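See below for the structure under consideration.
The values are calculated or read from the model by the stated rules, or taken from the named source; none is laboratory data. What you see is a predicted model; the values in this text were computed from it and never measured. Heads up, the Cβs are rebuilt from the backbone with ideal geometry, glycines too, and the neighbour counts pull from every protein chain shown.
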């Protein structure tokens, strides 16, 4: 069940490539650059392991994210704790 929204980011697609089909169908790799907030702290990368007091509650939780990519390559993300 989704709980409270814990973050939000916006940015731009910086690269796209099609990877070889290895029998499971084609895969697309996208690189994006985003900036935003997570638990009220400015972030530009997501990696949920920290000793920082402000982000410590992220250790050991599952996070679900919603990512939208527009035709112009602009991105927007929202993060939710999975409880």
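When the range 1-14 is filtered for residues that are surrounded by 10 or more Cβ atoms within 10 Å (Cβ to Cβ) and over 14 Å from residue 76 (Cβ atoms), the ones remaining, listed by number, are 2, 3, 6, 14.
Tell me which residues, restricted to the range 68-83, are at pLDDT 80 or above, loosely packed, with under 13 Cβ neighbours inside 10 Å and touching a strand residue (DSSP E or B) at 6+ places or on another chain (Cβ under 6 Å). So that I can check it myself, show each step before the final result.
First pass over the range 68-83, keeping only residues at pLDDT 80 or above: 68-80.
Among the residues that remain, those that are also loosely packed, with under 13 Cβ neighbours inside 10 Å are: 68, 70-72.
Once the filter is applied, which keeps residues that are at pLDDT 80 or above, loosely packed, with under 13 Cβ neighbours inside 10 Å and touching a strand residue (DSSP E or B) at 6+ places or on another chain (Cβ under 6 Å), the range 68-83 yields only 68.
Against the condition at pLDDT 80 or above and under 25 Å from residue 14 (Cβ atoms), how does residue 53 come out, does it pass?
For residue 53, the condition - at pLDDT 80 or above and under 25 Å from residue 14 (Cβ atoms) - is not met.
Of the numbered criteria (1) at pLDDT 75 or above; (2) in contact with a strand residue (DSSP E or B) (Cβ under 8 Å, 6 or more places away or on another chain), the one residue 22 fails is (2).
For beta carbons closer than 9 Å, sequence separation of 6+ or different chains, a first residue in the range 56-83 that is without any contact (Cβ under 8 Å) to a residue 24 or more places away in the chain and a second that is loosely packed, with under 11 Cβ neighbours inside 10 Å and in a strand (DSSP E or B), the qualifying pairs are 61/82; 62/82.
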